[in-house]
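Below you'll find the structure, written out as structure tokens, and then a few comments.
FYI, it's all coordinate maths here, none of it is from the lab. As the structure is a computational prediction, the values presented were derived from the model and not from experiment. FYI the Cβ positions are ideal-geometry reconstructions off the backbone, even for glycines, and counts take in every protein chain you see.
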Amino acid sequence: MTKNIWTNLVVLSALFGLCWGTLGELPTAAMDGAAQAVELTVTMAGAYMLWMGLLEIGHQSGLNDKMARGLGKILGPLFPGVRRDKEAMGAICMNIAANTLGMGSAATPFGLKAMERMKKIQNAKSATYDMIMFLVLNTSSLLLIPTSIIALRTACGSTDPFSVTLPIILDSCIMTVVGIATAILMGRRMR
Amino acid sequence: MDITPYFMAVFIGGIVLYGAVKKVDCLEAFTAGAKEGLSTCIRILPYLCAMLIAVSMLRASGFFDLLVRVLAPVAKVFGLPPEALPVAVIRPFSGGGAMAVLADTLIAYGPDSFIGRTSCIILGCSEAVFYTASIYYGSIGIKDWGHTIPACMLHTIVGMVCASFLAR
């Protein structure tokens, strides 16, 4: 095992392919994955331009600062290293708001912007306390209306497709609390 | 009723309207931001490609099938139905992959069954941790992720265990 996750994953699949006799299927799978990446980029490029364009309008009109001040009051204490930077906090808040409202295509460009800004102001060579906290919040984040799951449930003939919405919200809250506590405890040495 | 499109419409319209009120050259600002968005998109393509290749190979190799078998007894201890494991196991790697597996699970066991509901909750509350981390860190060229994966996986596993209790 190396520290690099990607290397581990590829070596692992080759080893498994060898043991399970699925080795012959791996090249096709690799090509599929590569093609998927290009397809996804082409579809995403439009969404990225849309959301990053709107973010820039929000930046120039001062809307991002307002948002950062509002949500930043709640989220600020979690990001001690970047809380004073309006641009970083603005992007973090927009990312979390987009995630919560189920606008997945908007969340990623905002998130990448936040990472870029955090790297710049912290002059980071490796993951910082604030970056890890951001990823923890991002991966445990609340989703108010799980649209695609509801659609799939309906398609499969569910009598009550919305019945999982509340449990998902509750579970996300539990995860967010656990995640924040973990990030604080594990990050003690970093601060 | 799906209200997400209404949110988005208000969001988009609101931002442009606010910009206009504040006398921002909206087209100029939008295109400047869009240019940045496009270069971000191109910049992350190699990382996206690497990650999707790895996940696709991992799926084809049968690794996930073995993981499901190995984890089944552990899942039972925590009250998680083993039939919900295929979704749980692929979820940290790929959102689209997990959605495909969820469809299989719902067709096999029914969307309103305990297994079906648990799988839906697992997918809904968690995120593609490995995918997100590799894109986010990859885009800014950071190789040392610190304790990101342990921290993210801990809450993901807690969430998955809770899912079966919330589905009851």
Next item on the list: Please identify the helices of chain A, taking whole runs of DSSP H, that span at least 20 Å along their own axis as judged from the Cα atoms and have a mean Kyte-Doolittle score of 0.0 or higher.
Entry: A:5-20, A:26-61, A:86-100, A:165-186
Next item on the list: Averaged over every viewing direction, what's the projected area of the C-alpha convex hull for region A:107-170? Give it in nm², one decimal, please.
Entry: 5.5
Check: Listing B:120, A:156, B:162 from the residue with the fewest other Cβ atoms within 10 Å to the one with the most, what is the order?
Finding: A:156, B:162, B:120
Check: Using Cα pairs under 8 angstrom and six or more residues apart, how large is the relative contact order of chain B, in percent?
Finding: 21
Next item on the list: Specify the residue with the greatest mean-square fluctuation among A:128, A:139, A:147, computed from a Gaussian network of chain A linking alpha-carbon atoms under 10 Å apart.
Entry: A:147
Next item on the list: Please identify, among A:136, A:164, A:11, the residue showing maximal mean-square fluctuation in a Gaussian network model of chain A using a 10 angstrom Cα cutoff.
Entry: A:11
Next item on the list: Can you figure out the FRET efficiency of residue B:74 with residue B:22, using R₀ = 45 Å and their beta-carbon distance, to the nearest 0.05?
Entry: 0.20
Next item on the list: Among the chymotrypsin sites (Phe, Trp or Tyr not before Pro) in region A:87-168, which ones are in a DSSP loop with at most 13 other Cβ atoms within 10 Å of the Cβ? Mind listing them?
Entry: none
Check: In a Debye calculation with equal point scatterers on the alpha-carbon sites of the protein assembly as shown and no solvent, what is log10 I(q)/I(0) at q = 0.10, 0.15 Å⁻¹?
Finding: -0.63, -1.41
Next item on the list: At 25 °C and 0.890 mPa s, grab the translational diffusion coefficient of chain A from Stokes-Einstein with a Kirkwood Rh over Cα pairs, rounded to a whole number in µm² per second.
Entry: 127
Check: Hey, how many Å between the Cα centroid of region A:1-47 and the Cα centroid of region B:47-91?
Finding: 15
Check: Just A:116, A:25, A:87 to compare: in a GNM of chain A, with alpha carbon springs under 10 Å, which one fluctuates most?
Finding: A:25
Check: What nm value, rounded to one decimal, do you get for the distance between residue A:154 and residue B:114 when each label is placed 7 Å out toward the C-beta?
Finding: 2.9
